[in-house]
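**Q** This structure is in structure tokens; I'll ask about it shortly.
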Amino acid sequence: MKEVLVINSSISGDNGNSTKLSKAFIAKLGNDINLTEIDLNAAPLPHLIMTELAAWMTPVSERTAEQQQLASYSDQLIEQVQAADVIVLGVPMYNFGIPSQLKSLLDRLARAGVTFKYTENGPVGLLADKPVIILATRGGLYQGTPADSQTPFLTSFFNFIGLSQLHFVYAEGLNMGEEAADKALAAAKQQLSKLSEKVAA
């Protein structure tokens, strides 16, 4: 049974197009999965602060109760990512970037000595590689243009922590009329159907 971690970051919740696509993908995987879902709209993470960073750097046995609570955000997330066989990310574009809620989560996934380390030859990712399905939904057309900041950022970030099996699925032009939106979502779902077969194999 595959462990699947889904992270949705649309502020529209279940009505968000990226969330709808993630649900469509999960449905394609069938029932032989163990699903863990993180909904950053229902339970947004606070922005990273220095006291939380300090808690990470404090040995577990020496953490205060407050530090244990602060470190639990990152510790639990990393455990979920490590346990997953497949990661699914719903990523709408807001003002040319990723949602701030998702950035707060990613900040807690990058942990020196835990998910990456620096060596004399540069940084090395420490996570076991696995497929990461990135559902990129946009109101306009950005793929392959300088305005698409999401793709290079997410590629660099996940490669940095050891995840290189990235599959970007784009649904663009969603605010450019009903016909354009329907066509884009249908194409994305078709691509997801193919990916589900590959992931489930």
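**Q** Helix 17-29 versus the longest principal axis of the chain: what angle, 0 to 90°, nearest 10, using Cα atoms?
**A** 90 degrees
**Q** Using label points projected 7 Å from each Cα along Cα→Cβ, tell me how many nm separate residue 54 and residue 112, to one decimal.
**A** 1.7 nm
**Q** Now, a different point. Rounded to the nearest 20 debye, what is the charge dipole size of the chain about its Cα centre when +1 sits on each Lys and Arg Cβ and -1 on each Asp and Glu Cβ?
**A** Using Cβ point charges on Lys, Arg, Asp and Glu, the chain gives about 320 debye.
**Q** Can you give the accessible area per residue of the range 61-201, in Å², using a 1.4 Å probe?
**A** It amounts to 50 Å² per residue over the range 61-201.
**Q** Here's a follow-up. Picking from 144, 90, 162, which is most flexible by a Gaussian network model of the chain using Cα springs under 10 Å?
**A** Result: 144 has the largest fluctuation of those listed.
**Q** Would you mind telling me which residue in 44, 131, 152 has the biggest mean-square fluctuation in a Gaussian network model of the chain, where springs connect alpha carbons within a distance under 10 angstrom?
**A** Residue with maximal mean-square fluctuation among 44, 131, 152: 152.
**Q** Angle, helix 65-83 long axis vs. longest principal axis of the chain, Cα atoms, 0 to 90°, nearest 10?
**A** 50 degrees
**Q** Roughly how much of residue 50 is accessible, in Å² to the nearest 10, using a 1.4 Å probe?
**A** Roughly 130 Å² of residue 50 is accessible to a 1.4 Å probe.
**Q** Nearest 0.05, what FRET efficiency do residue 68 and residue 126 give at R0 = 25 Å with Cβ-Cβ as r?
**A** It comes out at approximately 0.65.
**Q** For n ≥ 4 DSSP H runs only, could you compute -39500 (n - 2.57) per run for the chain, divide by its residues and tell me the 222 nm figure to the nearest 500?
**A** After summing the helix terms and dividing by the residues of the chain, the value is -13500 deg cm²/dmol.
**Q** I've got another one for you. Work out, step by step, the length gained on full extension between residue 3 and residue 186: first 0.36 nm times the residue separation, then minus their alpha carbon distance; give nm to one decimal.
**A** 63.2 nm
**Q** Return the carbon/sulfur percentage of the accessible area of the range 67-142, one whole number, probe 1.4 Å, all protein chains in place.
**A** Using a 1.4 Å probe with all protein chains present, the range 67-142 comes out at 48 percent carbon and sulfur.
**Q** Compute the normalised compactness of the range 71-131: alpha-carbon radius of gyration over 2.2 N^0.38 Å, N being the residue count.
**A** Taking the Cα Rg and dividing by 2.2 N^0.38 Å, one obtains 1.25.
**Q** Evaluate the distance, in nm, between pseudo-label points positioned 7 Å from the Cα of residue 143 and of residue 194 along their respective Cα→Cβ axes.
**A** With each label point 7 Å from Cα toward Cβ, the separation is 1.1 nm.
**Q** For the chain: lysine pairs with Cα atoms under 16 Å, gap of 8 or more or different chains, count?
**A** 13
The values are calculated or read from the model by the stated rules, or taken from the named source; none is laboratory data. Keep in mind that what you see is a predicted model, and the values were worked out from it rather than measured. Counting neighbours? That spans all protein chains shown, and the Cβs are built from the backbone with ideal geometry, glycine included. Quick note on the areas: whole protein, heavy atoms, side chains included, nothing else; ligands and nucleic acids left out. Shrake-Rupley method; radii C 1.70, N 1.55, O 1.52, S 1.80 Å.
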